[in-house]
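Novice: I'd like to ask some things about the structure below.
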Amino acid sequence: MGAILNLVERNLHEVRVDADRMLFHIPSSSLFAADDVTGGIIDALRQQSCSSEDLVRRLADRFAGQAIDETLRELIALEVVSDGSPLTPEIGIARVERTALNTVVLNVNTGCNLSCTYCYKEDLDKPSAGKKMQVQTAEASVEMLLKESPDEQRYSVVFFGGEPLSNRALIEHMVDYCERRFAEAGKQVEFIMTTNATLLTEEIIDYLNAHRFGLSISIDGPKTVHDRNRITVGGQGTYDVVRRKVDLLLSRYRSRPVGARVTLTRGITDVETIWNHLFNELGFAEVGFAPVTSGDMADYNLSAEELVEVFANMKALGRRYLDAALEHRNIGFSNLHQLITDIHEGHKKALPCGAGLKMLAVDHKGELNLCHRFTGSSMPTFGNVHSGVKQVELNDFLSQRLDRSGTGCDSCRIRNLCSGGCYHESYARYGDPTHPTYHYCELMRDWVDFGIEVYSRIMAVNPAFISSYISPRKAH
């Protein structure tokens, strides 16, 4: 009698798309359509474990023995079926030993000319009290990046705030410094900035265009939505000025697509209306939504019922994305676009994002924070731009999150796409950035299933959409 075969359910998730059985291979985040033999083997082993000989006999009236054997070998190699051999540890490393930083986020000013009600910045200041980063700190940040990770070919320097354009002089100095310094090292550098757009002028836009900045504009939707929370220090809504500046920006900016970043807070769930205004009426290339569920001020957090509504509305917008994709149009819904990119490229994330692993954020004092959302928080920092990264402490922190044993992530079917969720959300909700975010796991699992369905339908009807709009992202 041969070895007893068992179905390894923790490595397999099935999504039905019409008559097709789409199998999501969880360890590799890859997707494939099950043929009849594969489906027959899975169904048989789901009913009862048995030896390979018994399996062939059970399926003999439907499939040839050779086809069963060949498919079975493939499923055992994928560890979807186990023959009793030890399974490969899903995460090949038990701890992070070395990071490879390629991005530094410069918090160039803690001051902001707005006073958005929901802002998460623990150390946000009014303009007059803003703590501006000094040139020496910013230059040291770049030198630290090159010293810590000399073997990277491409680096990113991100300007963040407060409102980063309130320290325009430093930004322009650092662009000159970086273009010269990285060129000397034979490396490439790109600049990225998130801005509220209020300080943009023709001159500034042309400067940003000349240096090919990746721009993201914080705007929450039409006037009635935007003006609820994105207000001046004096309490006035900012939509009218932001709209004028966005019109100016989008009429002049040519070097890269410009995205809009929307913050969804309590009472704001109408994703489709917001997207329509920003994409079709204002002309942004893409629109991304960030639901607030664990902010410092509970009054702005979406309720559990509203979060369900947000995901339902995101799926409604996702169906519009699918319809457009089948007609070879990209409607710029970045949340879904990123998900199907991850599925297409088989992204497998041991950790939720690049924070600490690829990226660190520098505050005005030169302290190294896990990401920009932690600057000014009480969480210990991971070194200083002058003394370098506290590699042992950083590796210890990342390794805690890497260890999924005893957590709900250990056997979750989206464990390699979600990886426990945002560190800052965990910090805000549980006081522990290594704690997985459990409060919308089911919604996330359903969202990933939806993404699998959308991706499968696009691949079946118009795979050219994927090659046109998804694959080129690999080069970036």
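Novice: Mind giving me the nanometre distance, one decimal, between the label points for Tyr438 and Ala312, set 7 Å out from Cα along Cα→Cβ?
Specialist: The modelled label-to-label distance comes out at 2.6 nm.
Novice: Here is a follow-up. Measuring from label point to label point, each 7 Å out along Cα→Cβ, what is the Asp403 to Asp176 span in nm?
Specialist: Placing both labels 7 Å beyond Cα along the Cβ direction yields 5.0 nm.
Novice: Rounding to the nearest 20 debye, state how big the charge dipole of the chain is about its Cα centre with +1 on each Lys and Arg Cβ and -1 on each Asp and Glu Cβ.
Specialist: Details: 51 positive and 63 negative charges, 192 e Å.
In total the dipole reaches around 920 debye.
Novice: Here is a follow-up. Only four residue types carry charge here, +1 at the Cβ of Lys and Arg and -1 at the Cβ of Asp and Glu. Report the dipole size of segment 167-308 about the Cα centre in Debye, rounded to the nearest 20. Before the final figure, lay out the partial values.
Specialist: On the way: 16 positive and 20 negative charges, 74 e Å.
For segment 167-308, the charge dipole is close to 360 debye.
Novice: R0 = 22 Å: FRET efficiency of Ile192 with Lys358, Cβ-based, nearest 0.05?
Specialist: Plugging the Cβ-Cβ distance into 1/(1 + (r/R0)^6) gives 0.95.
Novice: Taking only protein heavy atoms into account and a 1.4 Å probe, give the accessible area per residue of the chain in Å². Walk me through the intermediate numbers first.
Specialist: Working: 20640 Å² over 476 residues.
I get 43 Å² per residue for the chain.
Novice: Continuing with the same structure: Viscosity 1.002 mPa s, temperature 20 °C: what is the translational diffusion coefficient of segment 320-476 from Stokes-Einstein with a Kirkwood Rh over Cα pairs, rounded to a whole number of µm²/s?
Specialist: Values: Rh = 17.5 Å.
For these conditions, the coefficient is 122 µm²/s.
Novice: Can I ask one more? So which aspartates and glutamates can Lys390 reach, going by Cα to Cα under 13 Å and dropping same-chain residues fewer than 8 places off?
Specialist: Glu97, Glu148, Glu367
Novice: Another one. I'd like the Kirkwood hydrodynamic radius of segment 403-442, using the inverse of the mean 1/r over distinct C-alpha pairs, in Å.
Specialist: 10.2 Å
Novice: May I ask for the equivalent-ellipsoid semi-axes of segment 284-375, computed as the square root of five times each C-alpha gyration tensor eigenvalue and listed largest first in whole Å? Working shown, then result.
Specialist: Numbers: eigenvalues 170, 85, 31 Å².
They are 29, 21, 12 Å, listed from largest to smallest.
Novice: Compute the Cα gyration tensor for segment 252-330, then decide on rounded, prolate or oblate, letting a ≥ b ≥ c be the square roots of its eigenvalues: rounded whenever a/c is under 1.5, prolate when a/b is larger than b/c in the other cases, and oblate in all that remain.
Specialist: Note, shape of segment 252-330 comes out oblate.
Novice: So which helices of the chain fit the span-like rule, where a helix is a whole DSSP H run, its Cα atoms reach 27 Å or more along the axis, and its mean Kyte-Doolittle is at least 0.0? Write out the running numbers ahead of the final one.
Specialist: On the way: long enough: 304-326 (33 Å, 0.23); 441-461 (30 Å, 0.47).
Once both thresholds are applied, what remains is 304-326, 441-461.
Novice: I've got another one for you. With runs of 4+ DSSP H residues as the only contributors, calculate the mean residue ellipticity of the chain at 222 nm using -39,500 (n - 2.57) per run, divided by the residue total and rounded to the nearest 500. It would help to have the intermediate numbers written out before the result.
Specialist: Values: 16 runs with 186 residues, N = 476.
Roughly -12000 deg cm²/dmol at 222 nm, from the helical runs in the chain.
Novice: Restricting things to alpha carbons, tell me how big the chain is in terms of Rg and Dmax, in Å.
Specialist: 24.5, 81
Novice: Would you mind telling me the share, in percent, of accessible area of the chain contributed by carbon and sulfur at probe 1.4 angstrom? Walk me through the intermediate numbers first.
Specialist: Details: 10210 of 20640 Å².
Looking at the chain in its full context, I get 49 percent from C and S.
Novice: Something else about it: Would you calculate the convex hull of the Cα atoms in segment 229-287 and tell me its volume per residue in Å³? Please report the intermediate quantities before stating the final value.
Specialist: On the way: hull volume 5.6 nm³, N = 59.
Looking at segment 229-287, the number lands at 95 Å³ per residue.
Novice: Along the charge dipole of the chain, pointing to its positive end and built from +1/-1 on Cβ of Lys, Arg, Asp and Glu, which listed residue (Tyr440, Val15, Thr117) has its Cα farthest out?
Specialist: Thr117
Novice: Once each part is reduced to its C-alpha centroid, what is the distance from segment 368-412 to segment 146-176 in angstrom?
Specialist: Rounded to whole Å, the Cα centres lie 22 Å apart.
Novice: Still on this structure: I'd like the FRET efficiency for Ser303 and Ser378, computed as 1/(1 + (r/R0)^6) with the beta carbon distance as r and R0 of 25 Å, rounded to 0.05. Don't skip to the answer; put the middle values down first.
Specialist: Values: r = 27 Å, r/R0 = 1.08.
Calculated transfer efficiency: 0.40.
Novice: Probe 1.4 Å, all protein chains in place: accessible area of Lys315 in Å², nearest 10?
Specialist: Result for Lys315: roughly 50 Å² accessible.
Novice: Right, here's the next one. Pairs of alpha-carbon atoms within less than 8 angstrom and 6+ residues apart define the contacts here; what relative contact order does the chain have, in percent? Don't jump to the answer; show the numbers that get you there.
Specialist: Working: 810 pairs, mean separation 81.6, N = 476.
Result for the chain is 17 percent.
Novice: Given R₀ = 45 Å, FRET efficiency for Asp240-Ser411 by Cβ-Cβ distance, to 0.05?
Specialist: 0.30
Novice: Any chance you could run the full-extension gain for Asn6 through Glu202? It's 0.36 nm times the residue separation minus the Cα-Cα distance, nm to one decimal. Can you show the working numbers first?
Specialist: Numbers: separation 196, 0.36 × 196 = 70.56 nm, distance 6.52 nm.
That pair, Asn6 and Glu202, stretches by 64.0 nm at full extension.
Novice: Relative contact order (percent) for segment 371-476, with alpha-carbon contacts under 8 angstrom and 6 or more residues of separation?
Specialist: Working: 48 pairs, mean separation 16.3, N = 106.
Averaging sequence separation for qualifying contacts and normalising by length gives 15 percent for segment 371-476.
Novice: In µm²/s, what is D for segment 1-61 at 37 °C and 0.692 mPa s, where D = kT/(6 pi eta Rh) by Stokes-Einstein and Rh is the Kirkwood radius from Cα pairs? Walk me through the numbers on the way to the answer.
Specialist: Details: Rh = 12.5 Å.
Calculated translational D: 263 µm²/s.
Novice: Something else about it: With point charges of +1 on the Cβ of Lys and Arg and -1 on the Cβ of Asp and Glu, referenced to the Cα centre of the chain, which listed residue (Asn6, Leu336, Ser82) lies farthest in the positive direction of the dipole?
Specialist: Leu336
Novice: Right, next: Under a point-charge model restricted to the Cβ atoms of Lys and Arg (+1) and Asp and Glu (-1), what is the dipole moment magnitude of segment 134-205 relative to its Cα centre, in debye to the nearest 20?
Specialist: Numbers: 6 positive and 13 negative charges, 21 e Å.
Computed charge dipole of segment 134-205: roughly 100 debye.
The values are calculated or read from the model by the stated rules, or taken from the named source; none is laboratory data. It should be emphasised that the depicted structure is a prediction, and the values quoted were computed from it without experimental measurement. Using ideal geometry, Cβ is built from the backbone for each residue, glycine included, and neighbour counts are taken over all protein chains shown. Protein only, heavy atoms only, side chains kept; ligands, DNA and RNA dropped before computing areas. Shrake-Rupley method; radii C 1.70, N 1.55, O 1.52, S 1.80 Å.
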